[in-house]
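First the structure, in the form of structure tokens, and then the observations on it.
The values are calculated or read from the model by the stated rules, or taken from the named source; none is laboratory data. Keep in mind the model is a prediction, meaning the values are calculated, not measured. Backbone-built Cβ (ideal geometry, glycine too); neighbour counts: all protein chains shown.
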Amino acid sequence: MTQEKRNRPLDDCADWTFNLLEQYQAEIERVAKHYRLDTYTNQIEVITTEQMMDAYASVGMPIGYNHWTFGKKFIQTEQTYKRGRMGLAYEIVINSNPCISYLMEENTMPMQALVMAHACYGHNSFFKNNYLFKTWTDADSIIDYLLFAKKYIADCEHKYGIDEVEATLDACHALMNHGVDRYKRPQKLSLDEELKRQKDREEYMQSQVNTLWRTLPKSPDKTNDKSITFPAEPQENILYFIEKNAPLLKSWQREIVRIVRKISQYFYPQKQTQVMNEGWACFWHYTILNHLYDEGLVTNKFMLEFLHNHTNVVAQPEYNSPYYSGINPYALGFNMFMDIRRICENPTDEDREWFPEIAGSNWLDTLHFAMESFKDESFISQYLSPKLIRDFKLFHINDNEDKNYLEVAAIHNEQGYQKIRTMLSSQYNLSNLEVNIQVINADINGDRSLTLRYIPQNNVPLGDSKNEVLKHLHHLWQFDVKLVQADDQGKDMVIAACPSFKEQND
Amino acid sequence: MANFIDRRLNGKNKSMVNRQRFLRRYKSQIKKSLSDAINKRGVTDVSSGENIIIPKKDLSEPFFHQGDGGNRNRVLPGNDQFTTGDHLPRPKGQQGQGGGEGEASDSGEGDDDFVFSISKEEYLNLLFEDLELPNLEKKQLDKLIEYKTVRTGYCADGVPSNIDIVKSLQGSIARRIAMTACKRRELKKLKERLTQLEQDNVDNISEIKDLNKQIKALEIKIAKVPFIDTFDLRFRNYAKQAVPTSKAVMFCLMDVSGSMDQATKDIAKRFYILLYLFLTRTYKAIDVVYIRHHTQAKEVDEQEFFYSQETGGTIASSALELMAKIIDERYHTSDWNIYGAQASDGDNWADDSPRCGELLNNKILPQSRYFSYIEITQRAHQTLWHQYTKVAESNAHFAMRHIKSVDDIYPVFRDLFKKNTSQAA
């Protein structure tokens, strides 16, 4: 920090102006380039508090279709904000090209600089370079798609009435988490976008034809064998299955199912990279602004305000603190990236033992590689170091229903490191968080009932909402729907059905 | 590599549509919450919106999630006392300290109610939605007419004090120009001829003399056009314009005898609130007069009106008399729109009921815009009701309804005003 202050510092007054924003932006961009941050073009939008709450409510979609749930979220946000229970995020950033970041009008100049470094260079470069985002989302077309979706749904409301559309959307939202192909990667989106769209249309037409077939008695579809199950293999993408196979859905409903599915897929990588994404962004706002400070471009006053906010963001309350609400992804991510840098630059013997590949390597290369090639789960299992486990004082608790106590299975000591790392990593494994439900049979030649199977993980039962969700599924499928779970003998037991057994109708 | 865009100016209320969708979807719950809230309000408190409470479970959007139980593992930060192998009691209430990220929110949904506020406008709209108020406003609230003198341009006659000098002089100039135009044109021609002749070498004395004579005559004619004429005068015109008064007084009459319990009063209170809110949409200033009665009537404040208990018999006419007296003393019918709302459980001293009908017919109804009577009772109607039925037959602006429970309020209120609509139309 004792470098000679060769530069005249930028104005650090609290009030920002567009002129000042541009000056800071230019400096931040210069430093970001210096650290090889590769970003989409930035589009920085200054918005008001209300607009920020609106962005919150639409779960980060810059253009959202109309639905009551967004209204509810807006009201919730507004309520908690007005009561001072919650501060608004300083920024929201959209994974699109150009990358849209929202800055709140109320932020002070140092905050705006922090936000720009954080969102416009941190998140932005993450969106552009992380493998999940590269394979799953298409930053170039998302805005167009959302625009299309909004218009399409508005048109549907006009044609078929708000209630109809709302019911369909409700049903889709209930199944939104089951609208993603988890294992089968989508086709290279950016590669042949136009072609794909065309193909979608074809598929869509085809599905219409399929539906037609199915509604004919004794359908010749898949004729070979009557006893064959349909689908041939269990399908985990329930929404996709519905879109293509639900017998009585109208074409506009299929399109709505598709829209929800697409949006769900768009957010799928974000769910899996929260720690990394936030950690990466925090690491870079911290590093970039400190770099500017070392160059003498920002003042002490600026740094104090910045550090104050930064510290708040990356604080990790302890398990028994009233503020504790799980592990703070900002804290974990930021500390992990800082730790990786430390391991590269000043490795200890322990680090050399645990991380022989990266100890002493070029930190910037290593960091970029880590950011590009992992998701939370693999990132933690790859890079969580014993030192960090000690710093966080992590401990592992096993909560087994069969026992009447909780057991501390591992703590931050030599024997515990591996176990804690594995457990923390699996805590971010989406398949441990989201339930595994698959379509196993649609009785195409019989009563058209749909059967799904729940496969429990670690004997965790399905939550109470299952009946409600099945009602929504029934709304889309329009014939009997039932959910089964294998019992101890491996025999499928029905755990939920719609319509429920006593009110079975034809 | 960055573009700045100032979005602050566009799209306020971008989420308004979604908010409306939300209100639309939860209308029934919101209405329920509203009718709970109405009890806590003062009658005249309409300036604020309302807090709406909806049970959270009604709002939740279901999705498949893990339930409680099974074999779970959690990693937590900040170990201060544990070592491997420690056994600890399971925290009560299952959710306890919550788990890692996703888990806590999955199963640990709190059962707090969802509370939010709606604006005054939304509040009123929801409250009066069934009443189709806009129509009602136009059609049935025939208000008292007051006249106001306003300037309405100019007219040709009036009293001298109203002469508008500028307009009059403008008229004068115009008239003079119009009346002398052709003479001036002639004059100009003659003068030109004269100069021509004068410059001529040939002697034209007789012609010049003649010309001079003509010019003189013309000039005299021009001069004779009067500077101002009665025709020019313009007077400021005033006209009387009908202005509906924006003042109204609402009389709340209530029986507070022993037979009226608090529940009955609450029903009555809601009715008054509705009426008051209804009136606020039409009138700027509203006075509310609370008259309570048992055997004697008394003017009281709101608090006492609703919440103090009295015992004794019931003489309803005392309240009507007091109302008539107050109207005479304070609310002159030419200035005030008078509304009355009477609530009772139907009990009245039998001999008094005819007197009530008489009072209404002769004194109160002629002076009132509207008078409504609601009877809140589970029992059979008594004399007062029968008397009032007679009154209602002969008076269009008198309405009466029977209310059994809180649920009846909206329909009855709606009913009361609907009836009037059809009659007024």
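Summary of values
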{"quantity": "All positions within segment B:292-326 that are without any contact (Cβ under 8 Å) to a residue 12 or more places away in the chain and crowded, with 16+ Cβ neighbours inside 10 Å", "calculated": "B:VAL300"}
{"quantity": "Residues within segment A:63-95 that are closer than 27 Å to A:VAL260 by Cα, more than 9 Å from chain B (Cβ to nearest Cβ) and either surrounded by fewer than 22 Cβ atoms within 10 Å (Cβ to Cβ) or at pLDDT 85 or above (or both), tallied", "calculated": "8"}
{"quantity": "Elements of type helices (runs of 4 or more DSSP H) contained in segment B:284-393, each with 3 or more residues being closer than 30 Å to B:VAL243 by Cα", "calculated": "B:316-330"}
{"quantity": "Residues located in segment A:367-389, provided they are surrounded by fewer than 20 Cβ atoms within 10 Å (Cβ to Cβ) and of a type in the set (S, T, N, Q)", "calculated": "A:SER373, A:SER378, A:SER381, A:GLN382"}
{"quantity": "Residues that are in a helix (DSSP H, G or I), touching a residue at least 12 places away in the same chain (Cβ under 8 Å) and under 28 Å from the mean Cα position of the chain (by Cα), drawn from segment A:18-46", "calculated": "A:GLN25, A:ILE28, A:GLU29, A:ALA32"}
{"quantity": "Residue match in segment A:115-122 (condition: within 30 Å of A:TRP252 (Cβ to Cβ) and buried (at least 16 other Cβ atoms within 10 Å of the Cβ))", "calculated": "no"}
{"quantity": "Of the criteria (1) surrounded by 20 or more Cβ atoms within 10 Å (Cβ to Cβ); (2) in contact with a His (Cβ under 8 Å, 6 or more places away or on another chain), which one A:GLY463 fails", "calculated": "(1)"}
{"quantity": "Scan of segment A:126-140 for residues that are of a type in the set (Ser, Thr, Tyr) and surrounded by fewer than 18 Cβ atoms within 10 Å (Cβ to Cβ), ordered by number", "calculated": "A:TYR131, A:THR135"}
{"quantity": "Residue that is farthest from the other protein chains (Cβ to nearest Cβ) [pool: residues in segment A:438-455 that are at negative phi and charged (D, E, K, R)]", "calculated": "A:ASP447"}
{"quantity": "Some residue of segment B:68-85 being at pLDDT 50 or above, more than 7 Å from every other protein chain (Cβ to nearest Cβ) and touching a helix residue (DSSP H, G or I) at 6+ places or on another chain (Cβ under 9 Å)", "calculated": "yes"}
{"quantity": "Filter result for A:SER425 (under 21 Å from A:ASN130 (Cβ atoms) and surrounded by fewer than 18 Cβ atoms within 10 Å (Cβ to Cβ))", "calculated": "no"}
{"quantity": "Every pair of residues 6+ apart whose Cβ atoms lie under 6 Å, when the first sits in segment A:456-482 and is at the interface with chain B (Cβ under 7 Å from one of its Cβ atoms) while the second is of a type in the set (Phe, Trp, Tyr)", "calculated": "A:LEU462/A:TYR454; A:VAL469/B:PHE64"}
{"quantity": "Hey, A:VAL260 touching a residue at least 60 places away in the same chain (Cβ under 8 Å) and under 26 Å from A:CYS172 (Cβ atoms) or not", "calculated": "yes"}
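Every residue, every condition in (1) over 26 Å from B:GLN378 (Cα atoms); (2) in the same structural domain as B:LEU359 (by TED's automatic domain parsing); (3) touching a His at 6+ places or on another chain (Cβ under 6 Å), yes or no:
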residue	(1), (2), (3)
B:ASP266	no, yes, no
B:LYS269	no, yes, no
B:ILE291	no, yes, no
B:HIS294	no, yes, no
B:ALA319	no, yes, yes
B:LEU322	yes, yes, no
B:GLN342	no, yes, no
